[in-house]
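Okay, so here's the structure we're looking at.
The values are calculated or read from the model by the stated rules, or taken from the named source; none is laboratory data. Source: prediction; values computed, not measured. Cβ atoms come from the backbone with ideal geometry, glycine included; neighbour counts cover every protein chain shown. Areas reflect the complete protein model, heavy atoms only, side chains present, ligands, DNA and RNA absent. Shrake-Rupley method; radii C 1.70, N 1.55, O 1.52, S 1.80 Å.
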Amino acid sequence: MPVLLFLIDTSASMNQRSHLGTSYLDIAKGAVEIFLKLRSRDPASRGDRYMLVSFEEAPAGIKAGWKDSHATFMTELRNLQAVGLTSIGQSLRTAFDLLNLNRLVSGIDNYGQGRNPFFLEPAIIVAITDGSKLTSSSGVQDELHLPLTTPLPGSELTKEPFRWDQRLFSLVLRIPGHASPDPEPIGGVPLDPSPITPMCEVTGGRSYSVFSQRMLNQCLESLVQKIQSGVVINFEKTGPDPPPTEDGPIEMKYGPQSWHSCHKMIYVRPNPKTGVPVGHWPIPESFWPDQNSPTLPPRAAHPQVKFSCVDSEPMVVDKVPFDKYELEPSPLTQYILARKSPHTCWQVFVCNSAKYGELGQPFGYLKASTALNCVNLFAMPYNYPVVLPLLDDLITVHKFKPPAKWRQSFENYLKTVPPYYITALRKALRMMGAPNLLADNMECGLSYSVVSYLKKLSQQAKIEADRVCASVGKKAALDGGIKLRCRSSTLSLAHRKDFTQLLNSIMGDGPALPMEANTKEFAGFQLAALNKEFKPQGLRNPYDIPRSHLLDQLSRMRRNLLHASICILKGQDQDQLHSVPIAQMGNYQDFLKHCPSPLREADPDQPKRLHTFGNPFKLDKKAMMVDEADEFVTGTQGKGKRPGESSSPAGGGAPKRRRCMSPLLRLGRAYTPPKTPPRILYNDDTELGNHINNHLESNRNSDKEPSPAPESELIQQRNLLQLDEVENQENRVQENGQSSDSEFSLGSEGEEEAPRRYPSPCQLKKIRNQESQELNSELRVLITKEIRKPGRRYEKIFYLLKQIQGSLETRLIFLQSIIKEAARFKKRVLIEQLENFLEEIHLRANSMNHLDGF
């Protein structure tokens, strides 16, 4: 899980603008976002952890730490402001301490027990700065100095503030303020001469001098490729140079070469199955552990590994594990590959790792791959030229039944091995099938005082880690102010008799005045520090009004005063009340924290709903809203159960859906109207209207019946207008002496009809059918809107159902569609009421064949 820590320069010099029109701080923020987009293309980025540190003093400088989310990281990145000093030394120390918080707790450094490359927490620090002078409260510095003191426990066990799996890369912005007419140089990005460059090279990273946006994008793509899992090692040559080979380079160079000393990384590949690096053998410490020593000597962050250029034969024994690490491309790898000797190796050592001898015994070797495309470091058991032949004899000759002579040779070998190799050797023998060769009570080589000291440091580091994580985001306490000494005299200096003498002393022309008469001392007074979080109150304090806003503020105050007769004076006008900087418009959570606690709900049964900022459909998962839609789906489940409802006796299983009582909604069945034709009755809807009123009275609560909706009044007015149009049409027909073809006589054929003023029953029925269709379509829209509304107030729905016109079959079909609409929105209570209402209509229709209206 790589850790990506961004160290952003927030000094005041980052406010300078480039020829692109943006400030350096804006360019830095954009660079971080571009880096995240480029990194997201890699599937391995899912396990990345992002941190953000600014140039402010800790803990305010830690904007996003170990326990902060990615959203917090992005929010803090956008809210950065360039207002401080270029204290890069203190900020780097803060960044390293933040990365090292959990190392003592997890024990991955394994102090005094050898360095395990497979115990790592790879981290990359990306520092973005403008390369200006290093400034601090003590003055301007020419060199980068990191503070020696740190509150992190166990920091004295390592000489440097960083570790071997942490690298520093810096992007130094050198984008000019005016566009250069010269074309950009094509090629690699050069190193920057700023003081941070040596620090980058020490950690195994590098710096980039950025002169344009194109170079910045190029650097970001390069940085994304640098995210590798590995550790940095110092490789140094010991002994004479190797003789030239037949296929290798012929020319001989004398003196120090670039490949003699390389400060490069070895890649530690994770296991493809588990995603975690796996290894067996450590890199030895640079000292022999002494059980009588009360302390541990501090180790260097990067181990010094010596390699001998004497060609040796690579040794590998079947069933004996070994570790293989690929070296980062460097002059050393190029030289080894140029020799074209894939069947020879160079042994590697750590000085002072053995009990006797300065160079120590080999713990592995460097060897070119068979394809000559990379160089690998093979980590083997300590002093492998001695132990591998013994283990080979144990497997092939003795068949895991060693004689006394073999045991004596093996014990002699164990005396030359550092004690911390015993644990790894025991695991290897267990994998080979010989678990009883090493006793379980062999010492690890550390004294009791050292072991107890490391345990104590682990506990202190955990407490410090919790403290730092809790303090992330908290701002430093503001200074109380500048204390000044009070003058004894209350008169102005201009009224003093010795004003000329005072003026000469201030200008430096006269002798110095005593402390009591010194005009530069104002003890007793205190100048308050500026509180940026305090919101200016222009209507209360005139000193809060900026000079450029005086006229605007005067107009606001005049407007406020002139409206004083209408309303009381307000501390802020409406413009100021809603004037929020763009960077703070999304901080709704901070606004809620400062709001007073709201009053309790009048109805405790009402579901609690979250604020609708951002997502109006966001619900509180702890108090989920439950209405008829939820009840229709969940049935009688325990979750979402309302008070008074009993849970299902069956413990589990799917909820049982209520059987539909309406024959109109049963699958495979369609309602068949009565065969006896109903008698046509006009204006005779009294009986069904009374039935609906009774039904409404039974379903109505203690609330009053709502008044007729304005939609129904519009419908009645429209009916009156349509009747007037029918009368006008009949008048025109009567004047022209023509009759409609649709009219027919109810009497015998041949009889002449007397001219009548009103339309025939057939024509009137046709007009009424057309009117009822239009009216029903409008009612359908209104009822559908009422169904979609939340809640259980259905009185208006039944009131609109009362307005339905048409035959019994038409009204039943209309009611069937309303029930289906309610079922689509899962209104269970409404469906039950409509089904009961429908069944009562069926009973009345079967008992009263003359019923034609509600």
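The table that follows gives values for the structure above.
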{"item": "Residue-by-residue Karplus 3J(HN,Hα) for region 325-337, coefficients 6.51, -1.76, 1.60, Hz, glycine and proline x", "result": "10, 8, 8, 5, x, 7, x, 5, 5, 5, 5, 5, 5"}
{"item": "Among 409-415, 156-162, the order from most to least packed when residues are scored by Cβ within 10 Å on average", "result": "156-162, 409-415"}
{"item": "Proximal charge balance of residue 449 [Cβ under 13 Å; K/R count +1, D/E count -1]", "result": "+1"}
{"item": "Relative contact order (%) - region 771-849, alpha-carbon pairs under 8 angstrom, separation at least six", "result": "30 percent"}
{"item": "Net lengthening on full extension, residue 12/residue 462 (0.36 nm per residue, minus Cα-Cα)", "result": "158.4 nm"}
{"item": "Descending Cα extents along the principal axes, region 48-164, whole Å", "result": "45, 36, 22"}
{"item": "Percent accessible area from carbon and sulfur atoms, region 771-849, protein chains only, probe 1.4 Å", "result": "49 percent"}
{"item": "Whether region 270-321 is rounded, prolate or oblate, judged on the alpha carbon gyration tensor where a/c under 1.5 counts as rounded", "result": "oblate"}
{"item": "Descending principal axes extents, region 771-849, alpha-carbon based, whole Å", "result": "38, 28, 19"}
{"item": "Computed over region 64-201: relative contact order in percent, which uses C-alpha pairs under 8 Å that are six or more apart", "result": "28 percent"}
